[in-house]
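The values are calculated or read from the model by the stated rules, or taken from the named source; none is laboratory data. All values reported here derive from a predicted model rather than from experimental measurement. Every residue, glycine as well, gets a Cβ built from its backbone with ideal geometry; the counts of neighbours run over all protein chains shown.
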Amino acid sequence: MRRQDSSTHEIPSFARYLNKVFDFRTATAGLQDARQTPDISPQSVFLAAFYSFVFRLPSFQQLESDLTQPYLQHWIGSDRGFGDDVLRYSLCGFDVTGLEEMLVQSNRTLKRGKAFEEGRVQGRIVAALDGVEVLSSYSRCCDSCLERRVTSRQDGVKVEQVQYYHRAVGCQIISSPVKSFLAIEWLLPGEGEETAALRLLHRIPGLYGSRFFDILLLDALYAQAPVLQLAEKIGWDLIISLKQNQRDLYQSAIRLFARRPADSTASEKQDGKTYQIQLWDTQGLPFSGDYPQPVRVVRSEELLTQNHYRQRQLQPETTGHEWLWITTLDPQAFSANQVRRLGHERWKLENNGWNDLTQNWAFKHGFLHACRHRPQTCSPDGTRQPVPNRGLPAVTLILLLAFTLSSAFTLRHSKLFRRYRMTTLEVAHQLRRSLSKLPPTIRAPDS
């Protein structure tokens, strides 16, 4: 194997990092799918899909052309290239338990390696939880699809159609540079997002232990008594956006804050924007009539000044914003301004999580949704039936694993990334281009 070019990333260095730090090759050995005696192993299928996301390929059809490269075939442990039909057939029946275990062990390894130390807030690791719509369709559906009626105009006439969609809730570390996803939970037909979120929060301590992170940021949708009770039981501190879905608490806080001047003021400049901030902070407000646990509420009134082009001239414009948060953080350790900053940090899950996955990782491509070509299994009555379609959850877990490990390699290991100040997208392109530069694998002749 020739030495790596001093100014580019190559697959061998990436693979060595994964095997050395995460014991990646051993972790893939236990992966299984529903096929019987397959020609292409589940490990090879997983590695092919994994590298397609590392390379930021938008579809499995594009991966098919890369699998003609002998070096990639060698690296995924396959004697030959294979098409996207093999990927689809295998991944539709893939065992997602093994994939989730790989994601959990990778995050545990990152924490042991101090990857989450940088960016701690008052010594605390911060995570955020939020939901995202993964795909929608008017024609393709599967047994796990959610349904809704959507009204649209066709030729000037209002038409109501049934739309099928998938939605999930994910939890991500946001305080560290390596913003790894911890777990994901899919909404089931007939349930709301808050139900799936609560199910995910119940699962996380079993996957990682109760104190893998310390502070959890949540949207107003999750401002519910069961969430507060679970967080108190586990030992998490919460910061939850407060809106009028908790009407009694919201109005009590607004009335209380309207009677008195701001407790503190602040001014901040960030990314060319200027914030003039007024803060109110109070404790002891009952959360709800059914759950009168006293909570702390922080209110922020912000005047945001930023420059916009108007008639080809750069002019400052000022807009006002109001924010309220419920928090269980101790006011002696976390001031109102620190709560405000953490409350705004939740948007990192949108910007560095779901939006990044959507724009740069083909997250909403709809891989293997409603795929009908699936392995079959015998039912109790002896008939052969297709296995349940696990393609979308399997591909999503592989994508999250690629997202986490690629971020760890780039931000924690790569000297080239720090030296040349390149983007993570350029690192992915360099890894893919290295396939054509590597020498072909030399194999012994067939006897």
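Within the stretch 148-172, the set of residues being under 23 Å from the mean Cα position of the chain (by Cα) and free of Cβ contacts under 8 Å to residues at least 60 places away in the same chain comprises TYR164, TYR165, ARG167, VAL169, CYS171. State whether the residues of the stretch 117-140 include one that is within 25 Å of GLN430 (Cβ to Cβ) and crowded, with 19+ Cβ neighbours inside 10 Å. Checked the stretch 117-140: no residue is within 25 Å of GLN430 (Cβ to Cβ) and crowded, with 19+ Cβ neighbours inside 10 Å.
Screening ARG259 against (1) farther than 29 Å from SER175 by Cβ; (2) modelled with pLDDT of 90 or more leaves a single unmet condition, (2). In the stretch 37-52, of all residues being assigned to a helix (DSSP H, G or I) and of a type in the set (S, T, N, Q), the one that is surrounded by the fewest Cβ atoms within 10 Å (Cβ to Cβ) corresponds to GLN43. Checked against (1) surrounded by fewer than 19 Cβ atoms within 10 Å (Cβ to Cβ); (2) in a loop (DSSP other than H, G, I, E, B), ARG16 passes all but a single condition, namely (2). As a summary of the residue check, VAL86 satisfies the conditions (1) assigned to a helix (DSSP H, G or I); (2) closer than 27 Å to ARG418 by Cα; (3) more than 21 Å from the chain's Cα centre (by Cα) except for the one numbered (2). Scanning the stretch 229-244 for residues that are assigned to a helix (DSSP H, G or I) and either more than 23 Å from the chain's Cα centre (by Cα) or of a type in the set (Gly, Ala, Ser) (or both) yields a total of 4.
Tell me yes or no: at least one residue of the stretch 157-173 is of a type outside the set (Ser, Thr, Tyr), out of contact with any strand residue (DSSP E or B) (no Cβ under 6 Å at 6 or more places or on another chain) and crowded, with 16+ Cβ neighbours inside 10 Å. No.
Selection of first residues in the stretch 325-349 that are within 18 Å of ASP130 (Cβ to Cβ) and of second residues that are assigned to a loop (DSSP other than H, G, I, E, B) and among the β-branched types (Val, Ile, Thr), restricted to Cβ pairs under 8 Å at least 6 apart or on distinct chains, gives the following pairs, ordered by first then second residue: GLU345/ILE174; ARG346/ILE174; LYS348/ILE174; LEU349/ILE174.
Every residue in the stretch 282-336 that is within 23 Å of ASP214 (Cα to Cα) and among the charged types (D, E, K, R), please. Selection gives ARG296, ARG299, ASP330.
Of all the residues in the stretch 206-228, those that are in contact (Cβ under 8 Å) with a residue 40 or more places away in the chain and either of a type in the set (Ser, Thr, Tyr) or part of a loop (DSSP other than H, G, I, E, B) (or both) number 7. Would you check if there is a residue in the stretch 360-374 being of a type outside the set (A, V, I, L, M), farther than 17 Å from CYS92 by Cα and assigned to a helix (DSSP H, G or I)? Yes, the stretch 360-374 contains a residue that is of a type outside the set (A, V, I, L, M), farther than 17 Å from CYS92 by Cα and assigned to a helix (DSSP H, G or I). Might you let me know whether the stretch 117-137 holds any residue that is closer than 30 Å to VAL339 by Cα, basic (Lys, Arg) and assigned to a helix (DSSP H, G or I)? No, because not a single residue in the stretch 117-137 is closer than 30 Å to VAL339 by Cα, basic (Lys, Arg) and assigned to a helix (DSSP H, G or I). Within the stretch 147-162, does at least one residue satisfy the condition of being in contact with a helix residue (DSSP H, G or I) (Cβ under 8 Å, 6 or more places away or on another chain) and not aliphatic (A, V, I, L, M)? So far as the stretch 147-162 goes, no, none of its residues is in contact with a helix residue (DSSP H, G or I) (Cβ under 8 Å, 6 or more places away or on another chain) and not aliphatic (A, V, I, L, M).
Scanning the stretch 285-301 for residues that are modelled with pLDDT of 90 or more and surrounded by fewer than 11 Cβ atoms within 10 Å (Cβ to Cβ) returns a single hit, PRO294.
Only a single criterion out of (1) surrounded by 11 or more Cβ atoms within 10 Å (Cβ to Cβ); (2) within 26 Å of THR327 (Cβ to Cβ); (3) in contact with a Gly (Cβ under 8 Å, 6 or more places away or on another chain); (4) free of Cβ contacts under 8 Å to residues at least 40 places away in the same chain is not satisfied by GLN276, namely (3). Reported count of residues in the stretch 52-83, each being under 20 Å from the mean Cα position of the chain (by Cα) and touching a residue at least 60 places away in the same chain (Cβ under 8 Å), is 7. Can you spot a residue in the stretch 329-342 that is modelled with pLDDT under 90 and more than 30 Å from TYR51 (Cβ to Cβ)? No, the stretch 329-342 contains no residue that is modelled with pLDDT under 90 and more than 30 Å from TYR51 (Cβ to Cβ). Count of the stretch 245-270 residues, restricted to those that are loosely packed, with under 10 Cβ neighbours inside 10 Å, out of contact with any strand residue (DSSP E or B) (no Cβ under 9 Å at 6 or more places or on another chain) and either at positive phi or basic (Lys, Arg) (or both), is 2.
Table: residues versus (1) surrounded by fewer than 19 Cβ atoms within 10 Å (Cβ to Cβ); (2) among the β-branched types (Val, Ile, Thr).
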| residue | (1), (2) |
| --- | --- |
| ARG25 | yes, no |
| VAL54 | no, yes |
| LEU57 | no, no |
| GLN62 | yes, no |
| THR68 | yes, yes |
| HIS74 | yes, no |
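For the stretch 73-122, filtering for residues that are of a type in the set (S, T, N, Q) and under 20 Å from VAL395 (Cβ atoms) leaves 6. Taking the criterion of being β-branched (Val, Ile, Thr) and in contact with a helix residue (DSSP H, G or I) (Cβ under 8 Å, 6 or more places away or on another chain), the residues of the stretch 407-432 that qualify are THR410, THR424, VAL427.
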